[in-house]
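Asker: Below are the structure tokens for one structure; questions will follow.
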Amino acid sequence: MIRGTHLAVELILELLAAGESESNLLANYPGLTREDILACLSYTSYLAHEYKALPIPA
């Protein structure tokens, strides 16, 4: 969840991945801030680096 809202990080990421613009997100979700969106992206970047899927040797 994004602090101070009932929005899940996954929702924001799905909307961004679907092509939703930052300005539309901010207009449609009044409690959301630009900093919240950047925090979602930062968290996702952290997870991508932390949990790399490595190929299993044959």
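Asker: Within the set of pairs 6+ apart or on separate chains, which have a first residue in the stretch 31-53 that is over 19 Å from GLY19 (Cα atoms), a second that is exposed (fewer than 11 other Cβ atoms within 10 Å of the Cβ), and C-beta atoms under 9 Å apart?
Answerer: Close Cβ pairs (under 9 Å, with a partner that is exposed (fewer than 11 other Cβ atoms within 10 Å of the Cβ)) amount to GLY31/GLY4; GLY31/HIS6.
Asker: A further question follows. Would you check which residues across the stretch 30-58 are within 14 Å of the chain's Cα centre (by Cα) and of a type outside the set (A, V, I, L, M, F, W, C) and list them?
Answerer: Those that are within 14 Å of the chain's Cα centre (by Cα) and of a type outside the set (A, V, I, L, M, F, W, C): THR33, ARG34, GLU35, ASP36, SER42, TYR43, THR44, SER45, TYR46.
Asker: Looking at GLU50, GLU10 in this structure, which one is among the acidic types (Asp, Glu) and surrounded by 10 or more Cβ atoms within 10 Å (Cβ to Cβ)?
Answerer: Answer to the check: GLU10.
Asker: Kindly indicate whether any position in the stretch 26-38 is surrounded by fewer than 13 Cβ atoms within 10 Å (Cβ to Cβ) and aromatic (Phe, Trp, Tyr).
Answerer: No, every residue in the stretch 26-38 fails to be surrounded by fewer than 13 Cβ atoms within 10 Å (Cβ to Cβ) and aromatic (Phe, Trp, Tyr).
Every number here is computed from the coordinates shown, using simple stated rules; none is lab data. In this text the structure is predicted, and so the values were computed from the model without any measurement. FYI the Cβ positions are ideal-geometry reconstructions off the backbone, even for glycines, and counts take in every protein chain you see.
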